[in-house]
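A quick write-up on the structure given underneath.
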Amino acid sequence: MKNEALKKEIIEWLVHIALAIIVTLAAVNYICQFTIVKGNSMLPTLQDNNILVIEKLSLHFGGIKPGDIVVLRIPDLLGKGKVYAVKRVIATEGQKVEIKDGKVFVDGEELQETYTTGSDTFATGEFSNIVVPENCIYVLGDNRSPEQAKTAVPLVR
């Protein structure tokens, strides 16, 4: 009798642990996750070592819109063992982005970017005048100093 009660209690514990693992995995994969900011590309909005809770529901229900801050998995564009980048969405598919004289224009209108460092925005080549392709977003960091410009990831496919 004692052995059966012990077995029952062990099974109950295993069921509770399994449910906790399933709920945690579902939450991390579909609802939210924690991340730590590494670097200064989002100054002054986000500082190095800020801890963020990234919600994932907007992606499924509302979509991504200009002004949103996103975490992108783009190891092939970052190099140096980095996998994720935190950036601000400047434009979405079909919008025309043009960077000229240090200013960012979307569909011909200059963005009023109160969140940046106040530095001019630098972009060269195809990223300085582009219509955002289908299923893509155009992103920049808030820190637009020349040191950050060379590490910015302006387009994500």
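Could you tell me whether segment 91-110 includes any residue that is over 29 Å from Ile36 (Cβ atoms), assigned to a loop (DSSP other than H, G, I, E, B), at pLDDT below 90 and open to solvent by less than 30 Å² (accessible area, probe 1.4 Å)?
Yes, there is a match, as at least one residue in segment 91-110 is over 29 Å from Ile36 (Cβ atoms), assigned to a loop (DSSP other than H, G, I, E, B), at pLDDT below 90 and open to solvent by less than 30 Å² (accessible area, probe 1.4 Å).
Kindly evaluate Asn3 against the criterion of being open to solvent by 90 Å² or more (accessible area, probe 1.4 Å), more than 22 Å from Lys56 (Cβ to Cβ), among the polar types (S, T, N, Q) and out of contact with any strand residue (DSSP E or B) (no Cβ under 9 Å at 6 or more places or on another chain).
Judged against the criteria, Asn3 is a match.
Looking only at segment 47-80, which residues are over 23 Å from Glu113 (Cα atoms), within 12 Å of the chain's Cα centre (by Cα) and among the charged types (D, E, K, R)?
Matches in segment 47-80: Glu55, Lys56, Arg73.
Return a yes/no flag: does segment 8-23 have any residue that is assigned to a loop (DSSP other than H, G, I, E, B) and open to solvent by 90 Å² or more (accessible area, probe 1.4 Å).
no
Mind listing whichever residues of segment 24-56 are of a type in the set (A, V, I, L, M), out of contact with any strand residue (DSSP E or B) (no Cβ under 8 Å at 6 or more places or on another chain) and open to solvent by 70 Å² or more (accessible area, probe 1.4 Å)?
Leu25
Among what's in segment 111-137 and is in contact with a helix residue (DSSP H, G or I) (Cβ under 8 Å, 6 or more places away or on another chain) and of a type in the set (Ser, Thr, Tyr), pick the residue that is surrounded by the fewest Cβ atoms within 10 Å (Cβ to Cβ).
Top of the filtered list is Ser119.
Do any residues in segment 115-144 that are farther than 12 Å from Val104 by Cα and among the aliphatic types (A, V, I, L, M) have Cβ atoms under 8 Å from those of residues that are open to solvent by 20 Å² or more (accessible area, probe 1.4 Å) and part of a loop (DSSP other than H, G, I, E, B), where the two are at least six apart or on different chains, and which pairs are they?
Once the first residue is farther than 12 Å from Val104 by Cα and among the aliphatic types (A, V, I, L, M) and sits in segment 115-144, its partners that are open to solvent by 20 Å² or more (accessible area, probe 1.4 Å) and part of a loop (DSSP other than H, G, I, E, B) give Val131/Gly94; Val131/Gln95; Val132/Glu93; Val132/Gly94; Val132/Gln95; Ile137/Ile64; Ile137/Glu93.
Given the options Arg144, Arg88, name the one that is assigned to a loop (DSSP other than H, G, I, E, B), surrounded by 15 or more Cβ atoms within 10 Å (Cβ to Cβ) and of a type in the set (Lys, Arg).
Of Arg144, Arg88, the one residue that is assigned to a loop (DSSP other than H, G, I, E, B), surrounded by 15 or more Cβ atoms within 10 Å (Cβ to Cβ) and of a type in the set (Lys, Arg) is Arg144.
For residues that are assigned to a loop (DSSP other than H, G, I, E, B), at negative phi and without any contact (Cβ under 8 Å) to a residue 24 or more places away in the chain, tally how many sit in segment 47-74.
Residues in segment 47-74 being assigned to a loop (DSSP other than H, G, I, E, B), at negative phi and without any contact (Cβ under 8 Å) to a residue 24 or more places away in the chain: 5 in total.
Which one is farthest from the chain's Cα centre (by Cα) among residues in segment 24-46 that are part of a loop (DSSP other than H, G, I, E, B) and not polar (S, T, N, Q)?
Pro44
The values are calculated or read from the model by the stated rules, or taken from the named source; none is laboratory data. This is a predicted model, so every value here is computed, not measured. In this analysis, Cβ positions are derived from the backbone assuming ideal geometry, glycine residues included, and neighbour counts consider all displayed protein chains. Please note that ligands, DNA and RNA were not included when accessible areas were found on the heavy atoms of the full protein model with its side chains. Shrake-Rupley method; radii C 1.70, N 1.55, O 1.52, S 1.80 Å.
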